[in-house]
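Engineer: Mind having a look at this structure? Questions to follow.
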Ligand code: ARG
């Protein structure tokens, strides 16, 4: 049997393998709502331009609503023989309303239709992603506000470097995520143009109104070039790139949560809701959600790479290669949405443990820089010299197995005779963080303020 939609010049139907490699309905059926929305806008415009009658347009709209209802009720029979979502919808429309259905495809092609569907889908995805990232930011900002003064070690090279606050650490991710939101907002702005009416590739002789369909579908304007309209997928790549960058950011937090929740660190406790047990070791609580979030960038970057390779070197305009944009993109973006939601849940449920954090913050001579700064400030020593003196004090403390703030004054004075008792006010972990009041620094007063600002902005008050 030849294809009922395009089989006019064909004497036989496709080989089974041909049908299988060609069909996209298995994965593009998720575009049903966008497809129907686009068709309704197109039909209304055709009637407005007197290309079809008002009566036909009404029938088409009514029929499309019926199709939509059938799909949403799970009563629609998707047929592989009809290849894709466009022809499945149109064929069912014909069953339901008869002849007027055949007029819907006037002045359009599946090439501008799929481009329209995908842009609508990706635009919605940008909006959902924006809200999801905002939720995660809110969870982090709430932890930051509560733990603005909770001291923990700050690391460089994963070695204890200087004390920071847990709130400050959380807000670092809030900043990153806010740039991620910016990337999605930016991609959304660029993709929000309508390809509908570009037809197969060259435009159409019918007196269509592309501005009207663009407006009806919420696009800012029609795309300016019909070839570009049907053959660009850069917007999908852009969204995948934004998702990949955000997923990489999430993976860093995920990795930190894995480290923090280990028995060696005990910086945070994860809730039952976001951990799993072991089938053999009864004592285990595994941070699986964090581990899976840590792993997601592979899949998302993979999807970006897959699509970039599909598009590379493709001549204009449409080629069927472009059908390969969907599976990796849908898979990756589903995984991405899950990762953000899981991270938001995990972050709001997790309980920071100030005791172990403070204890760790005081190890590794974390306030050595504060000792050097004290020498600069009080003895007017050049910083380079203060660095040397402090190095000698650290070596001595190491030898005596003491922390810097546990060293007898006499020992410190054996390194630098002018050191006074006042130095002990500067080299506790609390003093260290409190002193870091430079813009963007870790001082609890600044963190409190920054967290409040973020909370206000995220809650829209
Ligand atoms: N399923 C196709 C895709 O995803 C829709 C466009 C088909 N166009 C065509 N001329 N066969 O790209």
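Engineer: Filtering the stretch 72-107 down to residues that are closer than 21 Å to residue 47 by Cβ and within 34 Å of the chain's Cα centre (by Cα), which residue is nearest to the ligand (Cβ to nearest atom)?
Structural biologist: 86
Engineer: Continuing with the same structure: Given (1) under 24 Å from the mean Cα position of the chain (by Cα); (2) free of Cβ contacts under 8 Å to residues at least 40 places away in the same chain; (3) under 30 Å from residue 366 (Cβ atoms), where does residue 157 come up short, assuming only one miss?
Structural biologist: (1)
Engineer: Suppose the filter is modelled with pLDDT of 95 or more, buried (at least 23 other Cβ atoms within 10 Å of the Cβ), away from the ligand (no atom under 16 Å from the Cβ) and under 20 Å from residue 234 (Cβ atoms); does residue 214 pass it?
Structural biologist: Taking the combined requirement at face value, the residue satisfies it.
Table: residues versus (1) within 14 Å of residue 369 (Cβ to Cβ); (2) surrounded by fewer than 19 Cβ atoms within 10 Å (Cβ to Cβ).
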| site | (1), (2) |
| --- | --- |
| 408 | no, yes |
| 419 | no, no |
| 422 | no, yes |
| 425 | no, yes |
| 430 | no, yes |
| 433 | yes, no |
| 440 | no, yes |
| 444 | no, no |
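Engineer: Taking interchain pairs and intrachain pairs at least six residues apart, which have beta carbon atoms under 6 angstrom, with the first residue in the stretch 183-211 and under 15 Å from residue 120 (Cβ atoms) and the second within 16 Å of the ligand (Cβ to nearest atom) and assigned to a loop (DSSP other than H, G, I, E, B)?
Structural biologist: Between residues of the stretch 183-211 that are under 15 Å from residue 120 (Cβ atoms) and residues that are within 16 Å of the ligand (Cβ to nearest atom) and assigned to a loop (DSSP other than H, G, I, E, B), there is no close pair.
Engineer: Let me ask you something else. From 190, 221, 210, 181, which residue is touching a helix residue (DSSP H, G or I) at 6+ places or on another chain (Cβ under 9 Å) and under 30 Å from residue 144 (Cα atoms)?
Structural biologist: 181
Engineer: Would you point out which residue out of 44, 61 is under 29 Å from residue 123 (Cβ atoms), touching a residue at least 40 places away in the same chain (Cβ under 8 Å), surrounded by 13 or more Cβ atoms within 10 Å (Cβ to Cβ) and more than 13 Å from the ligand (Cβ to nearest atom)?
Structural biologist: Exactly one of 44, 61 is under 29 Å from residue 123 (Cβ atoms), touching a residue at least 40 places away in the same chain (Cβ under 8 Å), surrounded by 13 or more Cβ atoms within 10 Å (Cβ to Cβ) and more than 13 Å from the ligand (Cβ to nearest atom), namely 44.
Engineer: Just one of the numbered conditions (1) in contact with a strand residue (DSSP E or B) (Cβ under 7 Å, 6 or more places away or on another chain); (2) assigned to a helix (DSSP H, G or I) is not true of residue 161; which one?
Structural biologist: Among (1) in contact with a strand residue (DSSP E or B) (Cβ under 7 Å, 6 or more places away or on another chain); (2) assigned to a helix (DSSP H, G or I), the lone unmet condition for residue 161 is (2).
Engineer: Next up: For the subset of the stretch 14-56 comprising residues that are under 15 Å from residue 79 (Cα atoms) and part of a loop (DSSP other than H, G, I, E, B), which member is farthest from the chain's Cα centre (by Cα)?
Structural biologist: Checking each candidate, the answer is 14.
Engineer: Which of the following residues is modelled with pLDDT under 95 and closer than 30 Å to residue 420 by Cα: 355, 364?
Structural biologist: Checking each option against the conditions leaves just 364.
Engineer: In this structure, does residue 163 turn out to be more than 15 Å from the ligand (Cβ to nearest atom), under 30 Å from residue 351 (Cβ atoms), over 26 Å from the mean Cα position of the chain (by Cα) and in contact (Cβ under 8 Å) with a residue 24 or more places away in the chain?
Structural biologist: Answer is yes for this residue.
Yes/no matrix, rows are residues, columns are (1) without any contact (Cβ under 8 Å) to a residue 12 or more places away in the chain; (2) more than 19 Å from the chain's Cα centre (by Cα); (3) farther than 30 Å from residue 195 by Cβ:
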| residue | (1), (2), (3) |
| --- | --- |
| 276 | no, yes, yes |
| 282 | yes, yes, yes |
| 286 | yes, yes, yes |
| 290 | no, no, yes |
| 299 | no, no, no |
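Quick grid of which residues meet (1) in a helix (DSSP H, G or I); (2) crowded, with 22+ Cβ neighbours inside 10 Å; (3) out of contact with any helix residue (DSSP H, G or I) (no Cβ under 7 Å at 6 or more places or on another chain):
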position	(1), (2), (3)
254	yes, yes, no
266	no, no, no
278	no, no, yes
292	yes, no, yes
300	yes, yes, no
316	no, no, no
342	yes, no, no
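Engineer: Would you say residue 442 is within 45 Å of the chain's Cα centre (by Cα) and not in a helix (DSSP H, G or I)?
Structural biologist: Against the criterion (within 45 Å of the chain's Cα centre (by Cα) and not in a helix (DSSP H, G or I)), residue 442 qualifies.
Engineer: Pick from the stretch 217-243 the residues that are closer than 30 Å to residue 172 by Cα and crowded, with 23+ Cβ neighbours inside 10 Å: which of them is nearest to the ligand (Cβ to nearest atom)?
Structural biologist: Ranking the qualifying residues of the stretch 217-243, first place goes to 236.
Engineer: Would you mind stating whether residue 325 is within 16 Å of the ligand (Cβ to nearest atom), part of a helix (DSSP H, G or I), over 30 Å from residue 403 (Cα atoms) and under 26 Å from the mean Cα position of the chain (by Cα)?
Structural biologist: yes
Engineer: So, one more: Looking at the stretch 105-129, I want the residues that are over 19 Å from residue 223 (Cα atoms) and have a partner that is within 12 Å of the ligand (Cβ to nearest atom) and modelled with pLDDT of 95 or more with Cβ atoms under 9 Å, at least 6 apart or on another chain. Which pairs are those?
Structural biologist: So the pair list comes out as 105/86; 105/113.
Engineer: Now for a separate question. Looking at (1) touching a residue at least 60 places away in the same chain (Cβ under 8 Å); (2) assigned to a helix (DSSP H, G or I), which is the only condition residue 92 fails?
Structural biologist: Just one mismatch for residue 92, condition (1).
Engineer: Just one of 316, 253 is more than 16 Å from the ligand (Cβ to nearest atom) and touching a residue at least 12 places away in the same chain (Cβ under 8 Å); which is it?
Structural biologist: That would be 253, the only listed residue that is more than 16 Å from the ligand (Cβ to nearest atom) and touching a residue at least 12 places away in the same chain (Cβ under 8 Å).
Engineer: So residue 284 clears everything in (1) part of a helix (DSSP H, G or I); (2) within 30 Å of residue 357 (Cβ to Cβ); (3) out of contact with any helix residue (DSSP H, G or I) (no Cβ under 7 Å at 6 or more places or on another chain) except one condition, right? Which one?
Structural biologist: Condition (1) is where residue 284 drops out.
The values are calculated or read from the model by the stated rules, or taken from the named source; none is laboratory data. Computed from a predicted model, the values in this text were never measured in an experiment. Because the Cβ atoms are built from the backbone with ideal geometry, glycine has one as well, and the counts that use them run over all protein chains shown.
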